[in-house]
Structure formats: structure tokens, C-alpha cells
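Below is one structure; the comments refer to it alone.
The values are calculated or read from the model by the stated rules, or taken from the named source; none is laboratory data. Since the model is a prediction, treat every value here as computed from it, not as a measurement. Heads up, the Cβs are rebuilt from the backbone with ideal geometry, glycines too, and the neighbour counts pull from every protein chain shown.
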Amino acid sequence: MKKHFLTLTLAIIMSGSIDTNACTNFLVTKGASTDGSNIISYAADSHVLYGELYHWPAATYPEGTMLDIYEWDTGKYLGKIKQARQTYNVVGCMNEYQVAIGETTYGGRKELGSQSGAIMDYGSLIFVALKRSKTAREAIKVIAELMKEYGYASTGESFSIADKDEVWIMELIGKGEGEKGAVWVALRVPDGYVTAHANQARIQKFPLANGKTSITSKDMKKIFNKEVECIYADDVISFAKGKGWFEGKDKDFSFSDTYAPVDFGGARFCEIRVWAFFRQIHSDMDKYIEYVRGADLKNRMPLWIKPERKISVNDVMNFMRDYLQGTEFDLSKDIGAGPFGCPYRHRPLTFEVDGQTYINERATVTQQTGFSFVTQSRSWLPDEIGGIYWFGVDDAGSCVYAPMYSSITKVPETYARGNGTITDFTWNSAFWVFNMVANWKYLRYNVIHPEIHERQQVYEKKFITETQTIDKEALKLHKNNPERAVEFLTNYSINTANNLVSEWKNFFEYLVVKYLDFNIKYPVENEQNPKIEQRGYGEEWNRRIVNDTGDKLKMITHDNN
């Protein structure tokens with residue numbers, strides 16, 4: 001899944017050498033959520049990614065079994081690692097113990113972008129950790145140990161790692177050629193707070209090891225002590241000093257400023273998405289406008305904030321659809337939105353006019369999303385019931401997040417791997433059905449999207465309410481037979497998702513008929529022909545046409561007398 005968005009210098013951005021693939025993560029602790037869930041979200045953005053639901057069943061392996069590792073982005077074979085004796089059920093990016101992991105790529109120092117012979121790329125770290133971890137802390141330990149033993153085969157990454165009790169942010173970057181492994185820092189997000197990351201490293205200063213609340217990888221055995229809130233590679237500072245990238249006191253060391261300094265692109269294309277999330281839950285974010293504009297790079301936002309209101313899972317779904325609306329960067333307002341206010345932009349992100357380089361804004365919602373998710377890890381329920389993986393394919397602005405319990409033993413056919421590809425269309429694929437609706441929307445956003453949004457909200461609110469009843473029924477089954485509870489949840493998840501795809505296909509057919517040929521058609525009872533409405537471009541765009549064409553299109557009146 002190609003998503004690399006290197007945090008580049010302004011000179012590189014101006015040259016147009018920029019990779020536009022990127023991802024966004026929002027992290028909400030249980031003390032900040034309305035129902036006590038730990039929540040993380042993730043958009044896997046790529047122009048070549050096919051949205052499908054991964055699944056690996058729990059399994060037991062003989063001693064000495066080896067596991068082949070393939071790079072997630074390219075499918076390239078990287079090597080073999082030791083297989084665990086026992087692996088856990090994984091659905092998408094969440095496992096049966098309610099551990100969930102998301103990521104964004106920030107790239108970082110180009111000197112550290114490759115490591116010959118390394119086996120573990122960032123995608124393999126995610127999925128291997130999910131197969132082997134019962135807690136977020138265990139996932140951090142697995143990731144750190146895998147990189148140390150087998151090397152790290154990707155560029156800089158930020159990971160969101162949640163379980164039913166805690167939420168962590170972990171940032172890492174490889175050591176480059178001639179070295180093995182990576183340097184990294186992991187911080188527990190304080191309960192009651194939220195954080196986010198979007199292709200820019202965000203961890204700056206962190207508490208130095210004191211043996212209690214902060215430890216290094218040399219004391220990894222202490223990671224399961226609940227008072228530990230910070231863990232980092234023992235050489236994260238000394239490695240930078242050895243390279244000549246940091247010369248100050250250890251207490252002044254900043255991971256981001258050293259390994260991935262923020263530049264114009266990091267602020268304007270990446271941090272702006274974090275800001276867009278923060279500003280919806282906290283009233284004091286306008287002071288960072290110059291920062292996210294890319295003008296004042298020193299006034300960085302805090303790593304996490306305490307929201308002024310509790311956040312629901314439905315809120316997070318809608319945060320994933322943000323296009324900077326209500327701000328000076330609103331994508332629906334400038335001429336790039338066309339006559340119908342479409343808040344999406346053609347790529348690349350930069351373009352040149354008369355020797356000057358300009359940008360298209362990069363919002364959270366984007367057309368090239370392969371899939372996205374919102375996870376709930378709920379401590380008050382058994383693991384078989386507590387984890388919900390809300391999964392959507394294609395553009396988050398027009399997807400519907402369908403509930404997949406993280407213990408399910410099969411996935412819906414319409415979302416399953418192998419059902420269609422990015423170059424193989426099929427009406428039985430959720431990705432292609434949702435893609436058709438989204439692409440129809442792009443043609444006349446201002447009239448078609450409101451219908452999509454209304455139906456989207458109806459489905460998601462229905463599912464959220466419905467899962468409360470499903471939880472209760474599953475609990476009754478779980479008391480006597482946990483396996484029957486899992487079977488019940490599997491059937492619910494499969495039927496709900498497959499029915500959704502069927503109904504969304506019908507919705508597409510309805511939209512095609514209603515908005516055909518730039519008209520809007522309304523059925524008239526007992527009449528063959530519908531009522532036709534022709535709204536045209538609207539007054540604002542008509543004025544732009546007149547200003548651009550002058551008198552060329554002006555009607556000429558003649559005095560017939």
C-alpha cells in the first residue's frame with residue numbers, strides 16, 4: 001500500500017518532487033470519549049490501494065516455523081522471521097484482544113530512508129504485532145524487538161496503538177545504511193486527552209528515563225508496569241549525537257526536530273489535518289493558524305490536548321470527512337471547487353503558473369483513500385464482544401462505516417480480499433460500489449453530496465444503536481458459550497456489511513437516474529415524465545463566467561421598430 005509522504009524541504013516542494021499519498025490518524029482516550037471507549041481512526045490513502053478487509057485467523061505453529069515477510073506497499077519479498085507458536089485472530093488492523101494499530105508515514109531524514117538487508121517494513125510490523133499482542137504495551141515491545149532483530153525496512157512512521165485500557169503514540173525511524181534497526185519513542189496518551197498525526201512526526205521532548213514512569217529499551221521488562229508512560233530506544237539520543245544532528249543536553253532533545261524537522265509541507269499538508277481535528281473540540285486553536293499555513297514553523301501545536309467536550313464514535317467518523325470547512329482554507333470555496341463547490345482536488349498537490357509554484361490544500365478527506373476505519377476498544381465487555389472495527393472503503397466522505405466485531409472468524413464476501421482489484425471492476429465489491437457513488441458525487445457535489453451525507457448518517461447512527469442491542473445478545477450467549485457469541489457476531493457483521501453494499505448499489509442507481517445529464521428529476525405521481533429542475537451554475541459562478549468572457553456571451557437585443 002503505497003502511502004509514503006516524505007516531509008520535504010521547501011526547495012523540494014517548489015521543484016514539484018512530492019509524493020501525494022498520505023494518511024491521517026485521530027486518537028481518543030476513554031476519558032475523552034462519550035461511552036468510555038478507546039478510539040483510533042486511520043485513513044489509508046493511496047491512488048493505487050484497493051480497499052479490502054484483511055483477515056488472519058488465530059493459529060498454532062510447530063516450533064521452528066518460519067514466516068515469510070512481504071513489503072505491504074509493494075508485495076516485494078523481504079525475508080523470513082521466526083513464527084510465533086500462537087497467533088491471534090486479526091480483522092483489518094484490530095485483533096481479538098481489542099488491540100488496534102494505525103499509522104502515518106512521515107519519511108524524515110533521507111539518510112535514514114533505506115537499510116540494506118532489513119526485513120520488517122512498517123506494514124509487517126503492524127500485522128505481526130497484532131497477531132502476537134494482547135495489549136498495546138505488548139505491541140510496542142513486539143515492534144521494538146522485531147526491528148532490533150531483523151532491521152527496519154521503511155522510512156519514518158508514526159503508529160497509533162490502542163487497547164481496551166490505554167492509547168499510545170509511537171514514532172520511529174530507521175538507522176540507515178550500515179546500521180540495523182530503528183530509533184523510537186512511545187508515549188501513553190494521558191486519559192481524558194486526544195492526539196493525532198498526519199504524516200509529520202509530532203513527538204518532540206519526552207521525559208528521560210527515571211526507572212519508574214519513563215524507561216529505555218534496556219529496561220523493556222518493565223514495560224508492563226502500569227506507571228510507565230514513556231518508553232524509548234536506549235540510543236535514540238546518542239545515535240543523533242553520533243551523526244552530528246544534536247549537540248545539546250539530553251533533556252532538550254526533540255525527536256521530531258532532530259529526525260523529521262517540520263517544514264512548509266509538514267505544516268501545510270500534514271499538521272493542518274491535526275489542527276482541523278483539534279479545532280473542532282477545542283476553542284483555542286486559532287493561535288496556530290500561521291503555523292498550519294506554513295508561515296511560522298516555530299509555533300508548533302501540543303502533542304495532545306484535552307477536548308472541551310466528550311467525543312463519540314460517530315464524531316470521529318465525521319472528523320475523518322473534514323475538508324477544512326469553516327476555515328480560511330475551506331476547499332469548497334475557491335475557484336478550484338468548480339461551479340458545484342467540490343472540496344476535492346486533482347493531483348499533484350503543487351502546480352506552477354508563470355514560474356511560481358502554488359499548492360492545492362490537503363484535507364483529511366480525500367478521493368484516493370483505499371480504506372479507512374474507526375476502532376472502539378471497550379474495557380467493560382469481554383474481548384470477544386468489546387472490539388468493534390468500523391470499516392469503510394474508498395473516500396471517507398461518502399463511505400459508510402460498517403461494524404465488524406474484531407473477534408469474527410470470517411469477513412463479508414463483498415469486502416474480502418481477492419474480490420476484485422484496483423484494475424478489476426466487479427459489482428460484488430464494496431470498494432467498487434462505494435467508488436461509483438463517490439465519483440458520481442464529484443460531478444455535482446453541491447446537490448448530490450447532501451443526499452449521500454444524509455443517508456450515510458442514517459446508516460451509521462442505526463448501526464451504532466443496533467450494536468448496543470447486539471452487545472447485549474452476545475453477552476447472554478457468552479456467559480455459557482463464548483464460541484457461540486463469536487459465531488453470532490460473525491453472522492451479524494457479515495450480513496450487515498453485505499446488505500449495506502447491496503443497498504448502496506441501489507442507491508447509486510437512484511442517484512444516476514435522478515441527476516442524469518445535469519438535470520434533477522422528481523417523479524410525478526400518475527405521470528410518465530418526471531418534473532425537471534435545471535439549476536445551472538448558480539449566481540456566483542455565472543458572475544465568474546461573465547468576468548472571464550466579457551461581452552462574448554452577452555445577448556444582443558434589437559429594436560424591431
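Each residue in segment 291-339 was checked for being in contact with an Asp or Glu (Cβ under 6 Å, 6 or more places away or on another chain) and part of a strand (DSSP E or B), and 0 pass.
Select, from G102, G79, G75, the only residue that is surrounded by fewer than 21 Cβ atoms within 10 Å (Cβ to Cβ) and under 24 Å from G392 (Cβ atoms). Steps first, answer last, please.
Working: G102 fails: surrounded by fewer than 21 Cβ atoms within 10 Å (Cβ to Cβ); G79 fails: under 24 Å from G392 (Cβ atoms).
Checking each option against the conditions leaves just G75.
Does K306 satisfy being among the charged types (D, E, K, R), farther than 15 Å from G397 by Cβ, surrounded by fewer than 20 Cβ atoms within 10 Å (Cβ to Cβ) and touching a residue at least 40 places away in the same chain (Cβ under 8 Å)? First the steps, then the outcome.
Details: among the charged types (D, E, K, R): yes; farther than 15 Å from G397 by Cβ: yes; surrounded by fewer than 20 Cβ atoms within 10 Å (Cβ to Cβ): yes; touching a residue at least 40 places away in the same chain (Cβ under 8 Å): yes.
Yes, satisfied.
Looking at this structure, is A209 of a type outside the set (S, T, N, Q), in contact with a strand residue (DSSP E or B) (Cβ under 9 Å, 6 or more places away or on another chain), crowded, with 17+ Cβ neighbours inside 10 Å and farther than 25 Å from E111 by Cβ?
Yes: the conditions hold for A209.
Each row is one residue, and each column tells you yes or no for (1) buried (at least 21 other Cβ atoms within 10 Å of the Cβ); (2) under 17 Å from the mean Cα position of the chain (by Cα); (3) under 23 Å from D35 (Cα atoms).
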residue	(1), (2), (3)
P382	no, no, yes
C399	yes, yes, no
Y415	yes, no, no
H449	yes, no, no
Y459	no, no, yes
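Scanning segment 70-89 for residues that are touching a residue at least 60 places away in the same chain (Cβ under 8 Å) and assigned to a strand (DSSP E or B) yields a count of 3.
Selection of strands (runs of 3 or more DSSP E) fully inside segment 364-412 by the criterion of at least 2 residues being hydroxyl-bearing (S, T, Y) and modelled with pLDDT of 95 or more returns 369-377.
For segment 525-546, the count of residues that are exposed (fewer than 12 other Cβ atoms within 10 Å of the Cβ), hydrophobic (A, V, I, L, M, F, W, C) and at pLDDT 95 or above is nonzero. From the list A129, A144, which one is outside any strand (DSSP E or B), within 21 Å of the chain's Cα centre (by Cα) and surrounded by 23 or more Cβ atoms within 10 Å (Cβ to Cβ)? Matching residue, one of A129, A144: A129.
Residues that are in contact (Cβ under 8 Å) with a residue 40 or more places away in the chain and either touching a His at 6+ places or on another chain (Cβ under 7 Å) or in a loop (DSSP other than H, G, I, E, B) (or both) within segment 340-363 comprise F340, G341, C342, P343, Y344, R347, P348, L349, E361, R362, A363, listed in sequence order.
Remark: pairs (first residue in segment 261-273, over 9 Å from V292 (Cα atoms); second residue of a type in the set (A, V, I, L, M, F, W, C) and part of a helix (DSSP H, G or I); Cβ separation under 6 Å; 6+ apart in sequence or on different chains) = D263/L10; G265/I13.
The selection criterion, being basic (K, R), within 22 Å of the chain's Cα centre (by Cα) and closer than 30 Å to Y537 by Cβ, does not hold for K514.
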